[in-house]
Amino acid sequence: MVTYLGKLGELSLKGSNLKQFEALLLKNTKNYLLSIDAKVRMSSGRLYIECEEKDKDAVEFTLNHLIGITGWAKAKVVEKDIKKIQDEILILAQKAKENGAKTFKIEAKRSDKSFPLDSYGIMREAGNLVFDGGILSVDVHNPDITFTVEIRDKAYVYSDSIKTCRGLPVGASGKGLLLLSGGLDSPVAGYRMMRRGMIVECIYFHSYPYTSKEAQEKVESLAQTLSFFGLRTHLNIIPFTQVQMQIKKKSPENYTTLMLRMCMMKVASMLAKKIDADCLITGESLGQVASQTIQNMAVTEHACSLPLLRPLVALDKEEIIQTSREIGTYETSILPYEDCCVLFSPKHPILRAKLSEADEIFKNLEVDELLQKAFDERQLKRYEVAGFVAEKWGTKENRERLIATNGILIPKD
């Protein structure tokens, strides 16, 4: 058996409702691994997963995408005996030396206070043989590798842990509807809201034939990547060609992008109410483009009937790109397939729209029936990480539990 430890971060600061957050994190972990024969439990601020060696890739994928832990480690479980702990540390130290490490330090945590050595004593005894044997040198400030010993129900020994998403477990903070495009910003915005515990569903506006099939496939790929972190997401595809043609016909050219944004907010608000979402989410960043001046953002928000969250509002492009690389959306987002916003952009867009003027232009668009028609003709695609894990790593028996039509795994009771 292989044992993994997930480390709780922000959750450990919770008070009387800590158990509720831990229960949600435990439930989410099990949902990732519905098709894998793994044992999952929570105890004393640690998430434990035990699995067979053949299932370790599925478990590590889960831990790398699981929101609510700060990091994880593959641990060796030994008896609560200092000699057994020393033996395991020596094995890890020798492997580290072979991989080029020269310095180390030891960290220890003792939850079981009946263990005869305190944390300092564990570090001293565990590290002595490594140092005295000339395997590695001590560096407590900037070591090449850190070995950790945790004394709990058993002794858990591991080297450097892998940092992950942090945040609150998905499902702790309601539901949001993300306006997802094919660019860099909106997937990062959705991810950041997932990290605050929000379930995120997506809406995408497609203007065929002005936007290509490849542009839609690009957004579908981004939605699937987001489902890796959010457990599942629904992508609602809205046919928007007629709406955009009406805007082009009726709106002053410099207002076309802003009118498009207002129309999007109207339809997104309709969908949010239908799916019981609590808010809308966009990838807007203050001052990044013409539609994202503070005046134009105020006009956009005025078209919403729900709160509008902008998690990237104070980030610059480099910060957004960095996150997109970390979550695996960058390479997809930079594919050269333009979305509807870019294709209909005016040469000289309005920079500081007045709300009263924008409202008057919007009324003159006579677009209400077209918005309703676009909403009624939407398509729905579903993405669930449990199905992805089952198809990639699950056994034949577990894969047969997939619903054939859409690849959604039937949850266990």
Give all pairs with beta carbons closer than 7 Å in which a residue from the range 176-197 that is more than 19 Å from E319 (Cβ to Cβ) meets a residue that is small (G, A, S) and in a loop (DSSP other than H, G, I, E, B); count only pairs at least 6 apart in sequence or on separate chains.
G176/A277; L177/A277; G197/G167; G197/G171; G197/A172; G197/S173
Those residues that are in contact with a helix residue (DSSP H, G or I) (Cβ under 7 Å, 6 or more places away or on another chain), farther than 23 Å from K273 by Cβ and open to solvent by less than 10 Å² (accessible area, probe 1.4 Å), I need them from the range 185-217; list them, please.
P187, V188, S207, T211
Would it be correct to say that T148 is surrounded by 17 or more Cβ atoms within 10 Å (Cβ to Cβ), at pLDDT 95 or above and of a type in the set (S, T, Y)?
yes
Specify which of the listed residues (L24, L47, L63) is touching a Leu at 6+ places or on another chain (Cβ under 8 Å) and either open to solvent by less than 60 Å² (accessible area, probe 1.4 Å) or of a type in the set (D, E) (or both).
L47
Take the conditions at pLDDT 95 or above and either of a type in the set (S, T, Y) or more than 30 Å from A390 (Cβ to Cβ) (or both) and apply them to A268. Does it pass?
yes
Give me the pairs: first residue in the range 74-90 and farther than 15 Å from S159 by Cβ, second residue part of a strand (DSSP E or B) and open to solvent by 20 Å² or more (accessible area, probe 1.4 Å), beta-carbon distance under 7 Å, and six or more apart or on different chains, which are they?
K84/V78
Among all residue pairs at least 6 apart or on different chains, which show Cβ distances below 9 Å where the first residue, located in the range 324-337, is farther than 10 Å from V188 by Cα and of a type in the set (D, E, K, R) and the second is open to solvent by 80 Å² or more (accessible area, probe 1.4 Å) and not in a loop (DSSP other than H, G, I, E, B)?
E331/R325
Out of the residues in the range 4-13 that are open to solvent by 10 Å² or more (accessible area, probe 1.4 Å) and either at pLDDT 90 or above or in contact with a strand residue (DSSP E or B) (Cβ under 9 Å, 6 or more places away or on another chain) (or both), which is farthest from I199 (Cα to Cα)?
K7
Would you check if L312 is at pLDDT 95 or above and crowded, with 17+ Cβ neighbours inside 10 Å?
yes
Residues V130, V138, V170: which one is of a type in the set (A, V, I, L, M, F, W, C) and either touching a residue at least 60 places away in the same chain (Cβ under 8 Å) or closer than 30 Å to M193 by Cα (or both)?
V170
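The values are calculated or read from the model by the stated rules, or taken from the named source; none is laboratory data. Note that the structure is a prediction, hence the values are computed from the model and not measured. In this analysis, Cβ positions are derived from the backbone assuming ideal geometry, glycine residues included, and neighbour counts consider all displayed protein chains. These accessible areas exclude ligands, DNA and RNA; they are computed on the full protein's heavy atoms, side chains included. Shrake-Rupley method; radii C 1.70, N 1.55, O 1.52, S 1.80 Å.
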